[in-house]
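Structure record follows, encoded as structure tokens.
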Amino acid sequence: MVKFVENELLNIKTEVNDMWQLVYQQLNNAYKSVLEVNMELADKVILREKRVNAFELRIDSDIEDFIALYNPVAVDLRFALAMLKINTNLERIGDYADSIARFVIRTDLKPENKALFAELQLEDMFDMVLHMLSTTYDALQKQDIGLAKSIFDKDETLDILNKNAIDTLAAYANEHPEDIKLCLEIAGIFRKLERAGDHINNLAEETVFYIDAEVLKHHKSMLRDSEEENLENDNKAES
């Protein structure tokens with residue numbers, strides 16, 4: 001019985017690892033397709049999205065079967081529940097990669113757009129998201145809680161990059177009204193990357209939960225509420 005459980009856990013872990021690598025490749029290829037204006041690479045991302053969806057369904061089914069058949073407890077149950085949520089978050093990140101690739105296909109990008117991408121720090125945004133995704137994967141493999149928690153600060157950096165980019169796009173659109181549609185599309189890319197960061201944040205939370213049974217869900221919103229409360233108290237003290 002123990003051997004069967006160990007084999008099932010290993011199978012689930014292998015599947016999640018493969019899913020993680022696939023999603024990383026999807027996001028990396030979407031990144032290159034934008035910066036290089038590479039239609040062929042964008043098409044590749046779109047075609048492989050079906051594989052991401054199929055992976056998600058298979059992993060969900062395997063984890064549900066494992067829970068139903070073996071009624072796991074303690075760390076085995078935490079592992080199964082964490083992998084179930086990690087799988088869902090990875091699929092959502094894959095969706096964002098697909099959406100970014102579709103932007104490349106439908107948008108007539110020009111060489112001068114690369115200067116705008118540089119001003120917006122789009123490359124920095126992509127690099128940060130990919131680094132976060134890779135770091136969280138390493139944290140899970142090494143069962144390193146400190147490495148997993150290091151993601152949370154990086155997520156805040158993504159929020160700042162996103163806000164700065166939106167402000168820059170607003171100013172650019174004001175000066176180039178003929179490019180308003182393009183600006184809206186690019187703003188959509190930044191929103192997707194920011195949301196991908198949120199999902200990677202979730203991956204880190206689930207990794208910590210699996211390793212140490214520590215629940216960090218919604219910690220980001222709680223931190224923001226705490227900061228706002230502290231600011232409000234400071235303002236009251238000053239007045």
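Could you tell me which of the residues Ala54, Ala42 is part of a helix (DSSP H, G or I) and open to solvent by less than 10 Å² (accessible area, probe 1.4 Å)?
Numbers: Ala54 fails: open to solvent by less than 10 Å² (accessible area, probe 1.4 Å).
None of the others qualify; the one that does is Ala42.
Taking Leu69 as the residue in question, decide whether it is within 16 Å of Thr207 (Cβ to Cβ), of a type in the set (A, V, I, L, M, F, W, C) and open to solvent by 10 Å² or more (accessible area, probe 1.4 Å).
The answer is no for Leu69.
Residue under question is Glu6, and the condition is that it be open to solvent by 50 Å² or more (accessible area, probe 1.4 Å), more than 30 Å from Tyr172 (Cβ to Cβ), out of contact with any strand residue (DSSP E or B) (no Cβ under 7 Å at 6 or more places or on another chain) and assigned to a helix (DSSP H, G or I); does it hold?
Details: open to solvent by 50 Å² or more (accessible area, probe 1.4 Å): yes; more than 30 Å from Tyr172 (Cβ to Cβ): yes; out of contact with any strand residue (DSSP E or B) (no Cβ under 7 Å at 6 or more places or on another chain): yes; assigned to a helix (DSSP H, G or I): yes.
Yes.
Only one residue in Asp127, Asp179, Asp167, Asp153 is in a helix (DSSP H, G or I) and surrounded by 13 or more Cβ atoms within 10 Å (Cβ to Cβ). Which one?
On the way: Asp127 fails: surrounded by 13 or more Cβ atoms within 10 Å (Cβ to Cβ); Asp167 fails: surrounded by 13 or more Cβ atoms within 10 Å (Cβ to Cβ); Asp153 fails: surrounded by 13 or more Cβ atoms within 10 Å (Cβ to Cβ).
Only one candidate qualifies: Asp179.
Taking interchain pairs and intrachain pairs at least six residues apart, which have beta carbon atoms under 8 angstrom, with the first residue in region 80-97 and aromatic (Phe, Trp, Tyr) and the second open to solvent by 20 Å² or more (accessible area, probe 1.4 Å)?
Cβ pairs passing all conditions: Tyr96/Lys192; Tyr96/Arg195.
Exactly one condition in (1) at pLDDT 95 or above; (2) of a type in the set (Val, Ile, Thr); (3) farther than 15 Å from Val23 by Cα is not met by Thr136; state its number.
Going through the list (1) at pLDDT 95 or above; (2) of a type in the set (Val, Ile, Thr); (3) farther than 15 Å from Val23 by Cα, Thr136 breaks only (3).
What are the pairs, 6+ residues apart or on separate chains, where a residue within region 11-39 that is touching a residue at least 60 places away in the same chain (Cβ under 8 Å) has its Cβ under 6 Å from a residue that is of a type in the set (Phe, Trp, Tyr)?
Partner pairs satisfying both residue conditions: Met19/Phe55; Trp20/Tyr137; Tyr31/Phe126.
What is the number of the single condition among (1) of a type outside the set (S, T, N, Q); (2) more than 18 Å from the chain's Cα centre (by Cα); (3) surrounded by fewer than 18 Cβ atoms within 10 Å (Cβ to Cβ) that Leu22 does not meet?
(2)
Suppose the filter is open to solvent by less than 50 Å² (accessible area, probe 1.4 Å) and either in a helix (DSSP H, G or I) or under 24 Å from Glu214 (Cβ atoms) (or both); does Asn89 pass it? Working first, answer last.
Details: open to solvent by less than 50 Å² (accessible area, probe 1.4 Å): yes; either in a helix (DSSP H, G or I) or under 24 Å from Glu214 (Cβ atoms) (or both): yes.
Spelling it out, Asn89 is indeed open to solvent by less than 50 Å² (accessible area, probe 1.4 Å) and either in a helix (DSSP H, G or I) or under 24 Å from Glu214 (Cβ atoms) (or both).
The values are calculated or read from the model by the stated rules, or taken from the named source; none is laboratory data. Every value quoted in this text rests on a predicted model; they were computed, and no experiment measured them. No Cβ is skipped: glycine too gets one built from the backbone with ideal geometry, and neighbour counts run over all protein chains shown. When the accessible area is computed, the model is the full protein with side chains, heavy atoms only, and any ligands, DNA or RNA have been set aside. Shrake-Rupley method; radii C 1.70, N 1.55, O 1.52, S 1.80 Å.
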